[in-house]
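Since the structure comes first, as structure tokens, the remarks are kept for the end.
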Amino acid sequence: LPEPAHVNQEAFTKIISNLLNNGMKYAESYVHVMLEIPETDDDNLFRIRTVNDGVIIPDEMKEEILDGIRRSVQIDSVAGEPEENAPYGPGPKKALDFALELGKSMGFRVGNVDNHAGYIEYGEGEEMVAVLGHMDVVPTGDDWKYPPFGGEIHDGIMYGRGVVVPSLLAMPYLKTIS
């Protein structure tokens with residue numbers, strides 16, 4: 001709420017607890033919910049803050065997903081001079097081939113659209129869900145603490161050019177579906 005709201009503490013706590021309990025009945029086992037109600041000088045004043053600490057990856061999938069992201073980050077996919085079958089240069093072509101092979105290894109149908117784009121397909125029928133992304137990256141520059149194409153993990157954070165591009169963030173979803 002943009003402004004503090006005054007509520008009955010006991011009733012409000014029951015309502016929030018019931019909502020969270022009902023929501024968790026249908027959540028996957030690896031999903032968690034956090035609710036913060038800071039103490040205030042006024043017993044009837046609540047400030048609720050939602051906390052989003054990222055995608056929760058099931059432990060049994062974590063290493064495989066991180067390995068897929070790391071291997072993708074290690075490809076220097078900066079656009080270059082067009083070559084035969086590589087309209088954006090050899091780097092983006094290598095990244096496209098990698099993504100399609102990864103999708104295929106996970107059991108998906110894949111397609112290459114004249115080396116300009118590719119798709120990884122799941123399911124059948126008239127309706128589909130799409131996750132759009134790109135595999136190329138912009139030039140790296142010189143101010144990297146860790147190698148831009150290393151995919152190294154330091155203190156629980158993966159570093160590298162393209163680590164947070166939409167196509168790589170789709171990796172946990174692809175793995176979960178497969």
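What ranking of E60, E83 comes out by heavy-atom accessible area, probe 1.4 Å, highest first?
Values: E60 150, E83 105 Å².
Greatest to least solvent exposure: E60, E83.
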ask   = Amide H neighbours of V137 under 5 Å, counting only residues 5+ apart in sequence or on other chains, H built in-plane at 1.01 Å?
value = S77, V78, A79
task = Heads up, I need the accessible area for I120: 1.4 angstrom probe, whole protein in place, Å², nearest 10.
result = 60
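The values are calculated or read from the model by the stated rules, or taken from the named source; none is laboratory data. Predicted model only: the values in this text are computed from it and were never measured. All accessible areas refer to the heavy atoms of the entire protein, side chains included, with ligands and DNA or RNA removed. Shrake-Rupley method; radii C 1.70, N 1.55, O 1.52, S 1.80 Å.
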